[in-house]
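*Asks:* One structure is given below, represented as structure tokens, and several questions about it will come after.
Each value in this text was obtained by applying a stated rule to the coordinates, not by laboratory testing. In this text the structure is predicted, and so the values were computed from the model without any measurement. Positions of Cβ are generated from backbone atoms using ideal geometry, with glycine treated the same way; all protein chains shown enter the neighbour counts.
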């Protein structure tokens, strides 16, 4: 363990970047991380304002001020940079241990390595990469984070839906054996959709108003799951629907399994996983009659709604798993970052 807080920087200060910073200051358990810089093209007044006030997560629970390119958070200075190109920042001078890439714009190895060549020692990206070969490791915390050695340079934190789905599917597969599964992501609106109809996207459905329709969109969830659970390759199919809410999403999972099951067995398997072992605090469980807004600002990766579990016949089950697609994912980025850096503290990475 490092004797000082690990120094991290954020590239991109949108929904995930701001949630990462806020989550670091809201966590009740100590975590040995300190955000020392952020890079975003927004002006300082907007950065301060959107840090202080958030329509989804409320007021920042602390002091926020901006002065001389410094965002003061509870008296700690976060240096504000405004550069469009990675090469225009002296990353070595910042003396950071890790860059959290939260813009979502760097999806290939060649693109991400621009930061490394510019002086960033290692990166954790908030999006899956185009292919497995583009990344040193794709991590879902609580599932495979212990495979990190600390010698990796580029690590992906996968996606919010993958962080929700993989632990749940793994529990089901270990308990009952999955023959096939079909997943529908019911996802809140995102900032790649217009508020009113607008010409802005090659997917014509995404030219439609986010808050007037349920909008089908493409998804790489099945591919992301298979990357982490290769034993399910060819057995997973997924589709996604964007709905007119501002936050909180769910996965509707239907699976045909190898063993005979009933509703209680399904719920018990997931409830046990939620209470014991590595998924404690990451997988939640509830039997109450919830609506999606009840999970706003919930730090779990996934919460099983046991009241909605169904079994058709003897081997086809259906479950609904809620997740805060912003807050849960931001907390997992912090968890992964801390574990990654703790491992790196005793291993010297080799750049490639």
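*Asks:* Under a point spin-label approximation (7 Å from Cα along Cα-to-Cβ), what is the residue 209-residue 345 distance to one decimal in nm?
*Replies:* For the pair residue 209/residue 345, the computed spacing is 5.3 nm.
*Asks:* Given the rule -39500 (n - 2.57) for each run of at least 4 DSSP H residues, summed and divided by the residues of the chain, what is its mean residue ellipticity at 222 nm, to the nearest 500 deg cm²/dmol?
*Replies:* Value at 222 nm, helices only, nearest 500: -8000 deg cm²/dmol.
*Asks:* Counting other beta carbons within 10 Å of each residue's own, what order do 292, 307, 188, 156 fall into, fewest first?
*Replies:* 307, 292, 188, 156
*Asks:* Output the relative contact order of region 6-135, whole-number percent, from Cα pairs under 8 angstrom with separation of 6+ residues.
*Replies:* Relative contact order here is 28 percent.
*Asks:* Now, a different point. If you average the sequence gap of Cα pairs under 8 Å that are 6 or more apart and divide by the length of the chain, what percent do you get for the contact order?
*Replies:* Once normalised by length, the contact order is 18 percent.
*Asks:* Also: Specify whether the C-alpha gyration tensor of region 6-135 places it in the rounded, prolate or oblate class, a ≥ b ≥ c being the square roots of the eigenvalues: rounded for a/c under 1.5, otherwise prolate if a/b is larger than b/c and oblate if not.
*Replies:* It is prolate, given that a/c is not under 1.5 and a/b is the larger ratio.
*Asks:* Additional query: Only counting other Cβ atoms within 10 Å, I'd like 312, 102 sorted with the fewest neighbours first.
*Replies:* 312, 102
*Asks:* Tell me the relative contact order for region 161-325 as a rounded percent, counting alpha carbon contacts under 8 Å between residues six or more apart.
*Replies:* Result for region 161-325 is 27 percent.
*Asks:* Which of the following values of Cα Rg over 2.2 N^0.38 Å was calculated from the structure shown: (1) 1.00; (2) 0.94; (3) 1.17?
*Replies:* Of the listed options (1) 1.00; (2) 0.94; (3) 1.17, (1) comes from this structure.
*Asks:* Only bridges whose two residues both fall in region 161-325 count here: according to DSSP, what percent of them are antiparallel, nearest 5?
*Replies:* Of those bridges, close to 65 percent are antiparallel.
*Asks:* Just want the ordering: 185, 233, from fewest to most Cβ atoms lying within 10 Å of their own Cβ.
*Replies:* 233, 185
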